[in-house]
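The values are calculated or read from the model by the stated rules, or taken from the named source; none is laboratory data. Everything quoted here is computed from the prediction, not taken from an experiment. We place every Cβ from the backbone using ideal geometry, glycine too, and count neighbours over all the protein chains shown.
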2 protein chains.
Amino acid sequence: MIRKIGFIGLGIMGKPMALNLLKGGYELKVYDVVENAVKELVNKGALSAVSPEEAAKSADAVISILPSDNIVETVAVGKNGVFDGLKAGGIYVDMSTLSPETPRKISKKLMEKEISMLDAPVSGGDVGAAEGSLAIMVGGKREAYDLMQPVFQKIGRNINYIGELGAGQIAKCCNQIIVAQTIEAVSEALLLAQKTGVDPAKVRNALLGGFAQSRVLEVHGQRMLDRNFEPGGRVSIHKKDTEIAMSIAAEFGLYLPGTALTSQLWNAASSQEGGSDWDHSSIIKLLEMLSNSKAIHGDN
Amino acid sequence: MIRKIGFIGLGIMGKPMALNLLKGGYELKVYDVVENAVKELVNKGALSAVSPEEAAKSADAVISILPSDNIVETVAVGKNGVFDGLKAGGIYVDMSTLSPETPRKISKKLMEKEISMLDAPVSGGDVGAAEGSLAIMVGGKREAYDLMQPVFQKIGRNINYIGELGAGQIAKCCNQIIVAQTIEAVSEALLLAQKTGVDPAKVRNALLGGFAQSRVLEVHGQRMLDRNFEPGGRVSIHKKDTEIAMSIAAEFGLYLPGTALTSQLWNAASSQEGGSDWDHSSIIKLLEMLSNSKAIHGDN
């Protein structure tokens, strides 16, 4: 049974997830390069560690959620990393969004100590992390997944075992492919309504009752109407995620023209001042720019 | 109050809609070029007419649902058309999917007799028509809409007044823009899963719980997994609808790259043998073709 957890990465996602684990009764030893984030967790009852290695020491499992493939690799199998600290037979769960190759590569090293690895990326953003309602998509050995189930239930609601190591990342990649293109679709529709003199709010409302319904039309559609481009989901993150998709497409010879289009639009958004930190629903701003349109509501 | 209705167009959509109106207690006089369709309605208690003009005579309102702008125009204001038969002050409701210009053009003529026109395209397909659960998007004068409300409630569930004449068509156009791109998005995601060795059914299931959720992922995603490309929504219809969107985009100077892409994909689907009559979820077949992929399930 998992009782002691090393937790690495206390960013926008990691901090609320770690707090939910503390609330759920787990013993946490946390590590982050940002000291204030560590202090906040210590004030709520966590122990602090000076390295990933120390966070992993005496833990039953280690969880990390970090911004890039390189950082995860360093934390997992670099100097003073999880590999050095975690006991043989322990479980290492990375919940970052990565190329599916990265967990497979890391796992090869971890196998030397019979450490099981799971890749378990999440969807639902900082709001889902705070509510403990994240969707979690898991790849790796089924036994390790079963052991981690009670832990996952403290941070997420929709928890799915997808398949072998890397399969969680594939599912997350599919998620990001769909979300990007649905944002594009909703942007085009609301822009067309506005530009032809029809109230986009009424159109959104009507469409929520039919085949055009989606969570994106609900959530991001409303953001577009409100001109609220505070993230939420950052352009920089979604840009990275569609780049992962395009690199898988190149490797496997896949024709993904819609993903290619959205990937280009993230490039364009990033080229705007401050654009990397806009919410991903800001695709509509690019379409407006190229359509010489007034903003659909207000003039942001 | 509306009691007597002329009903023109007894195709896949019109026939079940007319049947629901009969069940709902309205007096119907029906017209279609296909005699068997007319007979079926007469057997259920409708009267038959030899022309749109006759269907309109003594009616409080006329409803049409027909395959193209030209046919609607002919039926409405051509020889022996609705204009010739309908009493002054009557209501003409066209429920076809058209360019927003067509109802405006027809209405100019109808105004000579103070006939009010509504454009009221529907979403939900033949299944929604049979169940009486269509989404109806209505443009035109508010008073005419209010008079028709009880009639709409016999054929649809999600009934929305959008704005002036043509606004219903704009909303429908927005609907088709979103549905097309969401089908594309889901196709790309399920193809990527399959090709990388991950079960697309598990991925679909996991994604239904997060931001990638949509009616299309539910309904069309399942069709893709089942390799069920019987329509449903025909490629030929969706091709026409995205062509309307592209022509609005050209007129208003709108940049709609995702719609352009799906419009091209409908062209490609139509170029396949029998492709015009495939269900629109068959976009995945085109992607598979260009990715030299096995079908995601089975080998259809």
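Among the residues of the range B:98-123, write down those that are of a type in the set (Gly, Ala, Ser) and either crowded, with 24+ Cβ neighbours inside 10 Å or more than 13 Å from chain A (Cβ to nearest Cβ) (or both).
The initial filter retains those residues of the range B:98-123 that are of a type in the set (Gly, Ala, Ser), namely B:99, B:107, B:116, B:120, B:123.
Passing the criteria: B:Ser107, B:Ser116, B:Ala120, B:Ser123.
Considering B:Ala201, B:Ala189, B:Ala130, B:Ala206, which residue is touching a Cys at 6+ places or on another chain (Cβ under 6 Å) and not charged (D, E, K, R)? Give the steps one after another, and end with the answer.
Working: B:Ala201 fails: touching a Cys at 6+ places or on another chain (Cβ under 6 Å); B:Ala130 fails: touching a Cys at 6+ places or on another chain (Cβ under 6 Å); B:Ala206 fails: touching a Cys at 6+ places or on another chain (Cβ under 6 Å).
Just a single option satisfies the conditions, and that option is B:Ala189.
Kindly list the number of the only condition in (1) more than 24 Å from B:Val216 (Cβ to Cβ); (2) modelled with pLDDT of 95 or more; (3) touching a strand residue (DSSP E or B) at 6+ places or on another chain (Cβ under 6 Å) that fails for A:Ser214.
It fails just one condition, (1).
Looking at this structure, is A:Val127 assigned to a helix (DSSP H, G or I) and within 14 Å of chain B (Cβ to nearest Cβ)?
Considered against the rule, which asks whether it is assigned to a helix (DSSP H, G or I) and within 14 Å of chain B (Cβ to nearest Cβ), A:Val127 comes out as yes.
For B:Glu101, only one of the following conditions fails: (1) free of Cβ contacts under 8 Å to residues at least 60 places away in the same chain; (2) in contact with a helix residue (DSSP H, G or I) (Cβ under 9 Å, 6 or more places away or on another chain). What is its number?
(1)
In the range A:248-281, which residues are within 14 Å of chain B (Cβ to nearest Cβ) and either out of contact with any helix residue (DSSP H, G or I) (no Cβ under 9 Å at 6 or more places or on another chain) or acidic (Asp, Glu) (or both)? Steps first, please.
Restricting attention to the range A:248-281, the residues satisfying the condition of being within 14 Å of chain B (Cβ to nearest Cβ) are A:248-269, A:279-281.
Correct list: A:Ala250, A:Glu251, A:Asp279.
From B:Ala185, B:Ala180, B:Ala171, B:Ala167, which residue is without any contact (Cβ under 8 Å) to a residue 40 or more places away in the chain and surrounded by 24 or more Cβ atoms within 10 Å (Cβ to Cβ)? Show your work before the answer.
Details: B:Ala180 fails: without any contact (Cβ under 8 Å) to a residue 40 or more places away in the chain; B:Ala171 fails: without any contact (Cβ under 8 Å) to a residue 40 or more places away in the chain; B:Ala167 fails: without any contact (Cβ under 8 Å) to a residue 40 or more places away in the chain.
Only one candidate qualifies: B:Ala185.
Is the range A:173-194 home to any residue that is in contact with a strand residue (DSSP E or B) (Cβ under 8 Å, 6 or more places away or on another chain), part of a helix (DSSP H, G or I), more than 9 Å from chain B (Cβ to nearest Cβ) and at pLDDT 95 or above?
There is no residue in the range A:173-194 that is in contact with a strand residue (DSSP E or B) (Cβ under 8 Å, 6 or more places away or on another chain), part of a helix (DSSP H, G or I), more than 9 Å from chain B (Cβ to nearest Cβ) and at pLDDT 95 or above.
Please list, ordered by residue number, the helices (runs of 4 or more DSSP H) wholly in the range B:1-59 having 2 or more residues that are acidic (Asp, Glu). Can you show your working first?
On the way: elements: B:14-23, B:35-43, B:52-56.
Here the list reads B:35-43, B:52-56.
Please go through the range A:201-211 and give me each residue that is modelled with pLDDT of 95 or more and surrounded by fewer than 24 Cβ atoms within 10 Å (Cβ to Cβ), ordered by number.
Scanning the range A:201-211 gives A:Ala201, A:Lys202, A:Arg204, A:Asn205.
Report yes if A:Ala144 is of a type outside the set (Lys, Arg), facing another protein chain (nearest Cβ under 7 Å) and more than 30 Å from B:Asp241 (Cα to Cα), otherwise no.
Details: of a type outside the set (Lys, Arg): yes; facing another protein chain (nearest Cβ under 7 Å): no; more than 30 Å from B:Asp241 (Cα to Cα): yes.
No.
Name every residue in the range B:155-164 that is more than 7 Å from chain A (Cβ to nearest Cβ), within 17 Å of the chain's Cα centre (by Cα) and surrounded by fewer than 24 Cβ atoms within 10 Å (Cβ to Cβ), in order of residue number. Before you say what the answer is, go through the steps one by one.
The first filter runs over the range B:155-164 and keeps only residues more than 7 Å from chain A (Cβ to nearest Cβ), leaving B:155-157, B:159, B:161, B:164.
Adding the requirement that they be within 17 Å of the chain's Cα centre (by Cα) leaves B:155-157, B:159, B:161.
Passing the criteria: B:Arg157, B:Ile159, B:Tyr161.
Filter the range B:210-246 down to the residues that are within 13 Å of chain A (Cβ to nearest Cβ), in a loop (DSSP other than H, G, I, E, B) and out of contact with any Leu (no Cβ under 9 Å at 6 or more places or on another chain) and list them by number.
B:Phe211, B:Ala212, B:Gly232, B:Gly233
Considering only the range A:195-209, how many residues are facing chain B (nearest Cβ under 7 Å) and of a type in the set (A, V, I, L, M)? Before the answer, list the steps.
Keep residues of the range A:195-209 that are facing chain B (nearest Cβ under 7 Å), which gives A:195-196, A:198-199, A:202-203, A:205-207, A:209.
Imposing the further condition that a residue be of a type in the set (A, V, I, L, M) reduces the set to A:198, A:203, A:206-207.
Total satisfying the criteria: 4.
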